[in-house]
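Here the structure is laid out as structure tokens; the discussion comes afterwards.
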Amino acid sequence: MSKIILTRDKEACVKCGECVDVCPHSGENSLVEAHVIIQNPGEIPEIANHENCIGCLSCKDTCRSEAILVEGITEIHSFLLDLQVWEKTRRIL
Ligand code: SF4
Ligand code: SF4
């Protein structure tokens, strides 16, 4: 289980569901039964089973509304975020 805590900025969330799609433990292609993020049609996604979050931060990285707030980011998480930024930059170059 990840030590980070994810919350939603409910004002910023546009309910697009992209965070659910990219999460390896949520959505249609989930690798676990108890999905971390659950989104009912037309509603803001909720963190339902935090114990299955692996802390990859793909959800935060993909959210264009910056609606995913993270507490407890460690050095390894910062490194992962930097890596994701680097990957995006590399694809553009
Ligand atoms: S990706 Fe961001 S804006 Fe879209 S549903 Fe998830 S939290 Fe909301
Ligand atoms: S940090 Fe990774 S595992 Fe956790 S909710 Fe976000 S995408 Fe899913």
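Read-outs: derived from the displayed coordinates by stated rules, not from any lab. Model, not experiment: these values are computed from the prediction. For neighbour counting, all protein chains shown are included, and Cβ atoms are generated from backbone atoms with ideal geometry for every residue, glycine included.
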Out of the residues in the range 1-35 meeting the condition of being under 11 Å from C59 (Cβ atoms) and in contact with a strand residue (DSSP E or B) (Cβ under 7 Å, 6 or more places away or on another chain), tell me which one is surrounded by the most Cβ atoms within 10 Å (Cβ to Cβ).
S26
Filtered residue count, the range 15-45, keeping only those that are within 11 Å of the chain's Cα centre (by Cα) and either near ligand 2 (Cβ under 10 Å from one of its atoms) or farther than 20 Å from L80 by Cβ (or both):
12
Out of the residues in the range 1-14 meeting the condition of being out of contact with any Pro (no Cβ under 9 Å at 6 or more places or on another chain), free of Cβ contacts under 8 Å to residues at least 60 places away in the same chain and of a type outside the set (V, I, T), tell me which one is nearest to ligand 2 (Cβ to nearest atom).
S2
When you go through (1) more than 20 Å from C13 (Cβ to Cβ); (2) in a helix (DSSP H, G or I) one by one for E33, which number turns out not to apply?
(2)
Within the range 36-68, count every residue that is under 14 Å from I4 (Cβ atoms), more than 10 Å from ligand 1 (Cβ to nearest atom) and among the β-branched types (V, I, T).
3
Out of (1) over 17 Å from P24 (Cα atoms); (2) among the hydroxyl-bearing types (S, T, Y); (3) within 13 Å of the chain's Cα centre (by Cα), the odd one out for S78 is which?
(3)
Restrict the check to the range 60-80 and report whether at least one residue is touching a residue at least 24 places away in the same chain (Cβ under 8 Å), of a type in the set (S, T, Y), within 10 Å of ligand 2 (Cβ to nearest atom) and surrounded by fewer than 17 Cβ atoms within 10 Å (Cβ to Cβ).
yes
